[in-house]
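Report on one structure; see the data block that follows.
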Amino acid sequence: MVETADAPYPGDQRTGRNEARQDTLKFAEAALTDSKREGLLLAVRARWVALAVTALTLPIINPNWDVIYYVVMLGFFALIGWAQLKVGKVGRSPLEVFLIICDLALLTFLTVVPNPWSDLNWPIGMQFRFDSFIYFFIFLSTATLAYSWRTVVAMGGWTAALWALAVGWAYLQPESHAALSARVKEAIGADIRMFEILDPSSIGFGARFQQVTVFIIVAAILALAVRRSNALLISHAGLERERANLARYFSPNVVNELSGNDEPLTRVRTQDVAVLFADIVGFTAYADGRDPNDVIETLRQFHERMEREVFQHGGTLDKYLGDGLMATFGTPFAGDSDALNALRCARGMIASIAELNRERQNRNEPPIQVSVGLHYGQVVLGDIGLNRLEFAVIGTTVNAASRLEALTREFGCAIVVSDALIQQARTETNPSSADFALLVEQPAQSIRGLEQPVGIWTCAGAAS
């Protein structure tokens, strides 16, 4: 049975999907890292603002000197926030968990244990009358800025456990104001519910249970919001991955246009574009017998500079061709200066290679010579492939540009440009005499695949 190389196999499809998924995860991980860093910084700043506001309002709520104790304790919360900022990272971090529990434990302690600086000898149950539990919601809300939904849920559980321990501790304390409770009960009479509310020694188990229940519900809702936010972040990371993939082929301005354009590239169409082929002259002989690492490094240097010139001039990198490349100008959407940009790109390529050769000379490496062919005309555009798509540019204009590049050997020049591109460039936006300097008109040449000879221009001086 004959197997076609182009047929997509299930294993290849799975591999492609796995690679795409891994790429998305990499972008998601980077996005989550940035989000965690920014969120943690924002959370700590929000904490410090909340602590400052609390420090200012506490003396208003309790205008007594013993409130200084709680103001001093706020400094410990600020210090814990600073520590969280220093050790914060994406993923499981026992030290971060420890600091979060320190937050909750310290707040629980301050809520339940009487102020040691106070001269008042009140029953333990009076500590619960100050409604200090509401401060737990501040730490819960700031956690949503920096931590995962699992951590937010865990904070609900940790708070419930610490609060249960605190209430149990308060319940086990010896009764110290029995006479006061007895007088309150005598004043109220048989109304047990009223007595539970007004008894200064009463812990109020129902109210404490209600506080924890509401806190856990709010933590669960906030966790859902955090999870949804992370899902949107990962989805956005996938879009950024797709955008980065586009940026490998299209210039930044084209990527921006594609990102905001709802019209798919799959719509097959014809339009006039400028096509450029660039190639290293004599690369086969250069690579023969040379160290493979040197060969690949030379190709990297060449393609890096060629790619940069293509993108700087608004072109699209169509494909690498070993020791050459094909670029188009006017794809996927036509511009006002496609032919002119292609001509300027060709000159930029030759100048960039001249600069590279000076660097190579300093390293005692042999120079490389580049030839460029340019043509302008109608092509067919559209996506091809099923699972691994490629934006295809095909037609006689492409073939002609490739053959014009080959003519550089015959004319001993660096650039061969079709007369069609030159005439188009002269009509485009803001051409200058420098764009056409050193171009020499040559007799029309017969190009295989074209019915009529093609007028050409050569640029010999650009190679120097």
Item to check | Built amide H within the under 5 Å cut-off of Val454, gap 5+ | outcome: Gln445, Ser446, Ile447
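How much of the accessible area of segment 259-366, probe 1.4 Å, is carbon plus sulfur, in whole percent? Provide the component values of the computation, followed by the final result.
Details: 2280 of 5050 Å².
Carbon and sulfur atoms account for 45 percent of the accessible area of segment 259-366.
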Item to check | Accessible solvent surface per residue of segment 312-464, calculated while the other protein chains remain in place, 1.4 angstrom probe, Å² | outcome: 46 Å²
Item to check | Pairwise label distance in nanometres, Lys185 with Glu304, each label 7 Å out on the Cα-Cβ vector | outcome: 8.6 nm
Next on the checklist: Once you place label points 7 Å from the Cα toward the Cβ at Cys102 and Asn121, how far apart are they in nm?
Outcome noted: 3.6 nm
Checklist outcome for this item: Share (percent) of C-alpha pair distances in segment 113-206 greater than 24 Å works out to 37 percent
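Hey, with R₀ at 51 Å, roughly what FRET efficiency would Arg290 and Arg228 work out to, going by the Cβ-Cβ distance, to 0.05? Working shown, then result.
On the way: r = 56 Å, r/R0 = 1.10.
So the FRET efficiency works out to roughly 0.35.
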Next on the checklist: For a quick check of your reading of the filter: which trypsin sites (Lys or Arg not before Pro) in segment 406-464 sit in a DSSP loop and have no more than 16 other Cβ atoms within 10 Å?
Outcome noted: Arg448
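Between Gln312 and Ile61, what's the calculated FRET efficiency when r is the beta-carbon distance and R0 is 56 Å? Round to 0.05.
Details: r = 64 Å, r/R0 = 1.13.
Calculated value: 0.30.
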Next on the checklist: Within 10 Å of each candidate Cβ there may be at most 14 other Cβ atoms; applying that plus a DSSP loop requirement, which trypsin sites (Lys or Arg not before Pro) in segment 43-152 survive?
Outcome noted: Lys89, Arg92
Next on the checklist: Checking the a/c ratio against 1.5 first, then a/b against b/c, what shape does the Cα gyration tensor give for segment 291-359?
Outcome noted: oblate
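Which shape class applies to segment 102-149: rounded if a/c is under 1.5, otherwise prolate when a/b exceeds b/c and oblate if not, where a ≥ b ≥ c are the square roots of the Cα gyration tensor eigenvalues? Present the calculation step by step, with values, prior to reporting the outcome.
On the way: a/c = 3.86, a/b = 2.70, b/c = 1.43.
Note, shape of segment 102-149 comes out prolate.
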Next on the checklist: Give me the one-decimal nm value for the distance between modelled label points at Ala161 and Leu41, 7 Å along each residue's Cα-to-Cβ direction.
Outcome noted: 3.3 nm
Checklist entry - In sequence order, what are the phi-derived ³J(HN,Hα) couplings for segment 109-116 according to the Karplus relation 6.51 cos²θ - 1.76 cosθ + 1.60 with θ = phi - 60°, rounded to whole Hz, with x for glycine and proline? => result 4, 5, 6, 9, 7, x, 5, x
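The values are calculated or read from the model by the stated rules, or taken from the named source; none is laboratory data. A quick note: this is a predicted structure, and the numbers were derived from the prediction, not measured. Note that each Cβ is placed from the backbone with ideal geometry, even for glycine, and that neighbours are counted across all protein chains shown. Surface areas here come from the heavy atoms of the whole protein model, side chains and all, with no ligands, DNA or RNA. Shrake-Rupley method; radii C 1.70, N 1.55, O 1.52, S 1.80 Å.
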